[in-house]
Amino acid sequence: MPPVLIVGNEIHRGLSHPGLTTLPMIPQESPKENLRIPTPRLENGRVTQRFVDDLIDFFKQEQRLPSPTAFKILSDVTSLLREEPSLVEVQLGRDDLINICGDIHGQFFDLARIFDLRGTPSVQNQYLFNGDFVDRGPWGVEVTLVLLSYKLLYPNAFYVNRGNHECEEVNRAYGFQNEVLDKYEPKMFRAFQDAFSWLPVAHCINTAVLVMHGGLFSNDDVTLDDIRAIERGCQPERDSLMCDLLWSDPQRENGREPNSRGFSCVFGPDITQRFLTKNNLLYIVRSHECVQYGYDLCHDDTVVTVFSAPNYCDRHGNKGAICILHGDDVSMPEFKKFTAAPHPKITNLYYSNFLVRMGLL
């Protein structure tokens, strides 16, 4: 699979590393000021396009969605997700495309920029958000409510994977629990966790591209049927396929080693090749790591990392990126880079515990 690089509006194919070219800065728009809009309302208890459009504008003004509406969204999406398989099959038509977005981490204004750049979701303009919606950034509630609203609006064109930060233990350390308790009553945190526990753990695009948050497995011989058989509605056990899908990382060397994160493993190009061959796949797309140019390619371009939180934690200076697959040829991914959007002056680690803010966890 030859790598692809987008520079400005030009598409470059065959470059060996995305860092060879400096991209022009995307003009930044300041958040709207002194413009209060009415509270978005569900129509007959249902999410509509108008509701989601109003919700994004509402959150840009740092307004808080009423608790009954937020709870209704979480309850409805939990019921919807329970009916989805652990491995969701996505079939793109020739004229369809899907935008795969990596970690957002509560950076709501960068999420809004993604929709400005790539357009609102639709059947022809599909999206897959690949986990880690929350923690670290101060707007995880807003990010999650927008994404899950779109899931309700377009259940067969808008997709969401579980990340390692859609887990209760991680949320208690990295800020999302504190954020929810600051914005809502305690029962709302449980409603978020119920929804998170039913998120799918992987998506397969046109039977050729597997998308998961973390990566491959601590053991050989894992098949797509094994992923389909993963039970959800729970927290991932440490030595499980779900834990691997949420936590593992690629490495340059062959073989496997323990992961310095304390969960799962790191896996080499030989592990990737065996898995792809066994399951008749072209490549995998994963997220989970902040990469300087928003995306990275390794293992002979069969492992794609995409990360969509630019200037991560307001201090890393990285680009964000989106991986775009076209239905007529999913073997040739495209990448759109973008810079961080301006946002209100709230530190990104505002809700994290002391050890995280001090860089000790």
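The values are calculated or read from the model by the stated rules, or taken from the named source; none is laboratory data. Please read all numbers here as calculations on a predicted model, not as lab measurements. Here the Cβ positions follow ideal geometry from the backbone for every residue, glycine too, while neighbour counts run over all protein chains shown. Each accessible area value is taken on the protein alone, full model and side chains, heavy atoms only, with ligands, DNA and RNA left out. Shrake-Rupley method; radii C 1.70, N 1.55, O 1.52, S 1.80 Å.
Candidates are the residues of the range 311-335 that are surrounded by fewer than 18 Cβ atoms within 10 Å (Cβ to Cβ) and of a type in the set (Gly, Ala, Ser); the one that is nearest to residue 283 (Cα to Cα) is 331.
The set of residues in the range 142-160 being in contact with a Ser or Thr (Cβ under 9 Å, 6 or more places away or on another chain) and either of a type in the set (Ser, Thr, Tyr) or open to solvent by 10 Å² or more (accessible area, probe 1.4 Å) (or both) consists of 150, 153, 154. Apart from one condition, residue 123 fits all of (1) open to solvent by 10 Å² or more (accessible area, probe 1.4 Å); (2) among the hydrophobic types (A, V, I, L, M, F, W, C); (3) under 15 Å from residue 319 (Cα atoms); the exception is (3). Could you tell me whether any residue of the range 193-210 is part of a loop (DSSP other than H, G, I, E, B), open to solvent by 20 Å² or more (accessible area, probe 1.4 Å) and touching a strand residue (DSSP E or B) at 6+ places or on another chain (Cβ under 8 Å)? Scanning the range 193-210, I find at least one residue that is part of a loop (DSSP other than H, G, I, E, B), open to solvent by 20 Å² or more (accessible area, probe 1.4 Å) and touching a strand residue (DSSP E or B) at 6+ places or on another chain (Cβ under 8 Å), so the answer is yes. Here residue 301 meets the list (1) among the charged types (D, E, K, R); (2) at pLDDT 95 or above; (3) under 21 Å from residue 164 (Cβ atoms) almost entirely, failing just condition (3).
Residue count for the range 295-326 under the criterion of being over 22 Å from residue 112 (Cα atoms) and not in a strand (DSSP E or B): the result is 4.
As a summary of the residue check, residue 237 satisfies the conditions (1) touching a residue at least 24 places away in the same chain (Cβ under 8 Å); (2) more than 20 Å from residue 272 (Cβ to Cβ); (3) among the charged types (D, E, K, R) except for the one numbered (1). When the residues of the range 161-190 are filtered to those that are among the charged types (D, E, K, R) and assigned to a loop (DSSP other than H, G, I, E, B), the one that is surrounded by the most Cβ atoms within 10 Å (Cβ to Cβ) is 162. Selection of the range 249-278 for residues being open to solvent by less than 20 Å² (accessible area, probe 1.4 Å) and touching a residue at least 40 places away in the same chain (Cβ under 8 Å) yields 249, 265, 267, 271, 272, 275. The condition (being modelled with pLDDT of 95 or more and farther than 30 Å from residue 72 by Cβ) is satisfied by just one residue among 239, 226, 194, 182: 226.
Condition check for residue 348 on (1) surrounded by 18 or more Cβ atoms within 10 Å (Cβ to Cβ); (2) at pLDDT 95 or above: one failure, at (2).
The selection criterion, being assigned to a strand (DSSP E or B), hydrophobic (A, V, I, L, M, F, W, C), farther than 23 Å from residue 141 by Cβ and under 21 Å from the mean Cα position of the chain (by Cα), holds for residue 266. Being surrounded by 21 or more Cβ atoms within 10 Å (Cβ to Cβ), in contact with a strand residue (DSSP E or B) (Cβ under 7 Å, 6 or more places away or on another chain), of a type outside the set (Ser, Thr, Tyr) and in contact (Cβ under 8 Å) with a residue 60 or more places away in the chain holds for only one residue in 110, 96, and it is 110.
So which residues in the range 293-310 are open to solvent by less than 10 Å² (accessible area, probe 1.4 Å) and at positive phi? The answer is 294, and nothing else. Determine whether the range 140-150 contains at least one residue that is outside any helix (DSSP H, G or I), at pLDDT 95 or above, in contact with a strand residue (DSSP E or B) (Cβ under 7 Å, 6 or more places away or on another chain) and of a type in the set (Ser, Thr, Tyr). Checked against the condition, which is being outside any helix (DSSP H, G or I), at pLDDT 95 or above, in contact with a strand residue (DSSP E or B) (Cβ under 7 Å, 6 or more places away or on another chain) and of a type in the set (Ser, Thr, Tyr), the range 140-150 yields no hits at all. Note on the range 236-248: residues that are surrounded by 14 or more Cβ atoms within 10 Å (Cβ to Cβ) and within 21 Å of residue 171 (Cβ to Cβ) total 9.
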